[in-house]
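The values are calculated or read from the model by the stated rules, or taken from the named source; none is laboratory data. Because the structure is a prediction, the values reported are computed rather than measured. So basically every Cβ, Gly included, is an ideal-geometry build from the backbone, and we count neighbours across all protein chains shown.
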Amino acid sequence: MADSEHSLQDDSNTQHQYASLLVSIGRGFALFLAAFSLLNLVGELFHPGFDASGWWLDTRSMPDDVGRTLILVFSVLMFEFARKPDSFRLLTSLQKMAVAGALAVAIHDASTFYSLVTQGTITTQFALPFSFVVAALLLTIFGALHVRARGRRASIRGKALISVATVGCTVAFPLLQIHCFGWTDYRRHADAAVVFGCKVYASGNLSVALSDRVRSACELYHQGLVRHLVMSGGPGQGDIHETDAMRDFAVSLGIPAGRILTDRSGLSTDETVANTVPLFRKHGFERVLAVSHFFHLPRIKLTYQRAGVDVFTVPARQKFRLPNEGFMLVRETAALWAYYARPLTGL
């Protein structure tokens with residue numbers, strides 16, 4: 001009898017440990033989503049176009065005021081859960097309803113993604129839509145709300161887990177955006193495709209990365225999807241400018257020289273966007289594709305959106321994986337947050 005009671009107590013302790021672990025992780029996830037969502041809403045007040053809530057939850061089918069109000073309510077409820085998991089029954093019910101509503105939107109977004117893939121409207125080399133990642137976060141939060149430890153204060157270990165979960169989301173969020181969004185090909189009929197520059201050697205030869213980008217853009221032209229190519233870059237390592245080398249390579253691939261425009265001051269993503277937006281307007285380009293490597297595309301999309309242009313991104317088809325791809329992923333993870341927050345920091 002004593003052994004049986006001992007075993008039941010062990011099982012109860014194990015269940016409590018798992019429940020505490022789930023609650024801590026769920027609170028960390030809730031804190032991240034609440035902070036990110038609230039930052040978007042506050043940033044939008046001072047910098048129109050700042051709001052990037054669509055990164056995790058697509059509310060475009062709703063009026064802007066309705067979508068932002070719902071996100072604000074969600075943020076407040078998640079902040080309260082992250083602050084104090086042991087809430088009264090009505091508040092917990094409201095928190096569950098908010099999470100369930102966001103989960104329904106995420107599942108709908110994932111379903112839409114697979115429908116577009118099935119129809120051939122888009123293609124992807126990374127079959128997991130970001131909406132599924134969001135759904136996993138929301139399911140974890142919902143589970144934490146369901147098993148919350150009533151009347152128990154978070155231990156030091158629990159608080160550490162909340163911090164780890166929040167920081168983990170902060171790192172994983174842009175990294176998964178890069179893979180889920182970056183590997184998705186949104187090519188379609190457009191007026192032009194802009195190619196983002198990369199290294200050109202002193203000999204005038206394009207680096208492997210730049211060759212991939214230019215070649216991918218030329219494929220868009222030969223497929224009849226675009227009528228013009230825009231080459232953007234800066235000085236090469238030698239006397240040959242990046243855009244000249246890019247144009248010459250495109251001509252060698254059968255693109256008429258008269259169909260190629262150049263931006264010779266595209267020294268960075270910012271400068272390429274700043275220079276090409278007036279170029280699009282000058283030539284009457286209404287729909288534009290942006291071609292670069294997958295890890296670069298989320299930042300390109302964000303920068304053009306902030307400039308008032310909604311481009312469609314096309315990942316360069318790589319002949320070989322780049323040897324410094326790991327470094328580029330780390331760099332772009334940090335750069336995506338930096339570009340996102342820059343209107344608020346003024347940097």
Quick one: which of S75, S87, S131 is within 28 Å of T184 (Cα to Cα), surrounded by 14 or more Cβ atoms within 10 Å (Cβ to Cβ) and not acidic (D, E)? S131
Could you figure out which of (1) under 13 Å from C218 (Cβ atoms); (2) out of contact with any helix residue (DSSP H, G or I) (no Cβ under 7 Å at 6 or more places or on another chain); (3) in contact (Cβ under 8 Å) with a residue 12 or more places away in the chain isn't true of M231? (2)
Only one of G233, G224, G254 is crowded, with 20+ Cβ neighbours inside 10 Å and not aromatic (F, W, Y). Can you tell me which? G233
Being out of contact with any Leu (no Cβ under 8 Å at 6 or more places or on another chain) and aliphatic (A, V, I, L, M) is the filter here, so list the residues in the range 231-271 that pass it. I240, V251, L253, A257, L267
Among (1) under 28 Å from T170 (Cβ atoms); (2) touching a residue at least 24 places away in the same chain (Cβ under 8 Å); (3) among the β-branched types (V, I, T) - the single one T276 does not satisfy: (1)
Residue check, L45 modelled with pLDDT of 95 or more, over 18 Å from K301 (Cβ atoms) and either surrounded by 16 or more Cβ atoms within 10 Å (Cβ to Cβ) or among the aliphatic types (A, V, I, L, M) (or both): no
Is it the case that R187 is within 22 Å of L329 (Cα to Cα), basic (K, R) and in contact (Cβ under 8 Å) with a residue 40 or more places away in the chain? no
Search result, residues across the range 231-268 that are assigned to a loop (DSSP other than H, G, I, E, B), among the polar types (S, T, N, Q) and more than 27 Å from the chain's Cα centre (by Cα): Q237
Counted residues in the range 50-87 being under 16 Å from the mean Cα position of the chain (by Cα), assigned to a loop (DSSP other than H, G, I, E, B) and at pLDDT below 90 come to 4
Take the residues in the range 306-344 that are β-branched (V, I, T) and over 28 Å from R281 (Cβ atoms); name whichever of them is farthest from the chain's Cα centre (by Cα). V330
When you go through S211, S207, S203, S216 one by one, which is the residue that is on the phi < 0 side of the Ramachandran plot, crowded, with 21+ Cβ neighbours inside 10 Å and either outside the structural domain of A110 (by TED's automatic domain parsing) or out of contact with any Leu (no Cβ under 9 Å at 6 or more places or on another chain) (or both)? S216
